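Here's the structure, in structure tokens; my notes come after.
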Amino acid sequence: MGSRYFRIQPADRDTVVLLDPARWNSRNYGGEKYIDGPDGEEIEDVRHGVSVCESVEELATYIAQSGVPVADQAVIVELEADLADDEDHDAHLGACLVHPTAVIGTTVVGDEFYDLVNAAHDAIYA
């Protein structure tokens with residue numbers, strides 16, 4: 001049995017696809033998208049896993065630091081998952097990669113979550 005993790009995504013995105021290993025591709029948001037391959041050619045830096053945080057509070061802190069936009073109609077998805085071998089591009093901000101085994105549920109993003117984001121932002125940048 002895996003641990004529980006949290007991610008945010010548009011409400012109209014089907015959470016079932018999070019369970020499909022063929023879709024466990026993580027790309028760097030807003031940063032370098034290419035790295036030097038083994039033969040010196042540039043290749044896209046894709047890592048195997050789904051980006052998550054270990055708690056809703058850590059997710060709010062991640063959003064406050066990363067600049068990743070939150071969709072107007074967004075949900076927080078709670079997943080049961082195993083840690084991936086790859087490291088998330090934003091590991092330094094608290095994100096990690098997982099291989100989901102179950103979708104536990106979703107919660108509509110509302111004022112309570114935005115209050116957590118604002119509090120994290122104030123604590124970091126005040």
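The values are calculated or read from the model by the stated rules, or taken from the named source; none is laboratory data. None of the values given here were measured: they were computed from a predicted structure. Cβ coordinates were reconstructed from backbone atoms using ideal geometry, including for glycine residues, and neighbour counts include every protein chain displayed. The area values use the complete protein model at the heavy-atom level, side chains included, leaving out ligands, DNA and RNA. Shrake-Rupley method; radii C 1.70, N 1.55, O 1.52, S 1.80 Å.
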- Query: Can residue 71 be described as aliphatic (A, V, I, L, M) and farther than 15 Å from residue 117 by Cα?
  - Reply: no
Checked 55, 26, 3 against criteria (buried (at least 18 other Cβ atoms within 10 Å of the Cβ), small (Gly, Ala, Ser) and in contact (Cβ under 8 Å) with a residue 12 or more places away in the chain); the one match is 26
Going through segment 94-113 in order, the residues found to be part of a strand (DSSP E or B) and in contact (Cβ under 8 Å) with a residue 60 or more places away in the chain are 96, 97, 98, 99, 100, 101, 102, 103, 104, 106, 108
Take residue 45 and tell me if it is among the acidic types (Asp, Glu) and surrounded by 11 or more Cβ atoms within 10 Å (Cβ to Cβ). yes
(1) surrounded by 14 or more Cβ atoms within 10 Å (Cβ to Cβ); (2) charged (D, E, K, R); (3) under 26 Å from residue 115 (Cβ atoms) all hold for residue 86 apart from (3)
Going through (1) closer than 14 Å to residue 109 by Cβ; (2) open to solvent by 60 Å² or more (accessible area, probe 1.4 Å) one by one, residue 9 fails only at (2)
Over segment 29-49, the set of residues in contact (Cβ under 8 Å) with a residue 40 or more places away in the chain and more than 12 Å from the chain's Cα centre (by Cα) is 31, 45, 47, 48
Here the residues within segment 29-42 that are open to solvent by 80 Å² or more (accessible area, probe 1.4 Å) and within 20 Å of residue 90 (Cα to Cα) are 29, 32, 33, 34, 36
Those residues of segment 1-16 which are at pLDDT below 95 and in contact with a helix residue (DSSP H, G or I) (Cβ under 7 Å, 6 or more places away or on another chain) amount to none
Query raised in the report: Does segment 67-83 contain at least one residue that is among the charged types (D, E, K, R), at pLDDT 95 or above and open to solvent by 40 Å² or more (accessible area, probe 1.4 Å)?
Result: yes
